[in-house]
1. Near the amide H of residue 8, under 5 Å away, which other amide H atoms are found, from residues 5 or more places off or on another chain, if H is placed in the peptide plane?
2. If the convex hull of the alpha-carbon atoms of the range 138-204 is projected onto planes in all directions, what is the mean projected area in square nanometres?
3. Based on the Cβ-Cβ distance of residue 165 and residue 197, what FRET efficiency does E = 1/(1 + (r/R0)^6) give at R0 = 41 Å, to the nearest 0.05?
4. For every other residue with a beta carbon closer than 15 angstrom to the beta carbon of residue 120, add +1 if it is Lys or Arg and -1 if Asp or Glu, then tell me the sum.
5. So what's the back-of-envelope 222 nm ellipticity for the chain, counting only DSSP H runs of four-plus at -39500 (n - 2.57) apiece and dividing by all residues, rounded to 500?
6. Can you give me the distance in nm between label points at residue 143 and residue 226, each placed 7 Å from the Cα along the Cα-to-Cβ direction?
7. Gap in Å between the Cα centre of the range 181-198 and the Cα centre of the range 1-52?
8. Would you order 27, 139, 13 from fewest to most other beta-carbon atoms within 10 Å of each residue's own beta-carbon?
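Read the figures in this text as sums done on the coordinates, not as results from a lab. Bear in mind that the values here come from a model prediction, so they are computed numbers and not experimental data. All Cβ positions, even for glycine, are placed from backbone atoms using ideal geometry, and neighbour counts span all protein chains on display.
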Amino acid sequence: MTNLASAIVTGASSGFGSAIVHRLVKSGRPVVALARRTDRLLELADALGHDMVLPRTVDVRDHEAVTRALSELPEPFASVGLLVNNAGLSKGFGPIQDADLQHWREMIETNVMGLLHCVRATLPTMITAGRGHVVNIGSIAAVYPYVGGNVYGGTKAFVHQLSQNLRTDLEGSGIRVSCIAPGMARTEFALTRFDGDQDRADALYDGVEPLTPEDIAEAVDWCISQPARVNVSFIELMPTNQPFGLGFRKPSERNER
Ligand code: NDP
Ligand code: 8X3
């Protein structure tokens, strides 16, 4: 049993989200794990215990489904004190004039609207409780431009600015807001970006020792472990040998677009 308020982690079925769930549960926090792939969520709950992980199969783009999934949570998940907005994706890697409109829609609806749906569904409980923490996963793509990062970077710039704007709206509420902006990390992210092309995804990491999902989980844990008076507003995490956005490599060395 635990006395820690529960957490909601979106995009819990792989990469950062899965590592964050592991980390939170290890510290004794019950977690509501959201994603679309039920089998992955069930594996997580089987591994960590169904008393500590509540799987919720949800597409964050669906406002009603998000609201439904997060209402009337059973104990020990009901008292939500932490929302980790991690679900997100990039699609495509080409210059904007060649882009696929469906890719834009998917990124904007997931990274922007999906995140907002989760914020909207969770804040009332935190406000009533007079405490809570929202951790948004942004990206260095919001800050450092690279060819092909266009709309993806734009959606993550939204996440960064929304994090600041949430701080102002929530002034006096006792609720903290943090934004974590990772650079290249090896997850399923590149595979999704390249529509399942494993060779292309692997090539993206050539010559770079990328961050691990556990690095990001560690940063989340540090943010939420600070005393209540401390709001960690922003953390940027880069692989040591990635000084800029993806375009830092010479054109001849870059992944084919
Ligand atoms: P993964 O592809 O491994 O994980 C993405 C997660 O998001 C999956 O669990 C996926 O679950 C979930 N997801 C995607 N779309 C939806 C949706 N519509 N509804 C619910 N869940 C969804 O990538 P990462 O772990 O790397 O990515 C996590 C976050 O980190 C993203 O926001 C990404 O933009 C960001 N990021 C990633 C970096 C990297 O280099 N890897 C660097 C900086 C930021 P499912 O498919 O089961 O729904
Ligand atoms: C993902 C980081 O550099 O691959 O958000 O765009 S990057």
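1. 32, 82, 83, 84
2. Details: hull surface 20.9 nm².
Seen from a random direction, the Cα hull of the range 138-204 projects 5.2 nm² on average.
3. Values: r = 37 Å, r/R0 = 0.89.
For residue 165 and residue 197, the calculated efficiency is 0.65.
4. For residues surrounding residue 120, the net value is -2.
5. Helix contribution divided over all residues of the chain: -11500 deg cm²/dmol.
6. 1.5 nm
7. Result: 21 Å between the Cα centres.
8. Details: 27 13, 139 28, 13 24.
Listed from fewest to most nearby Cβ atoms, that is 27, 13, 139.
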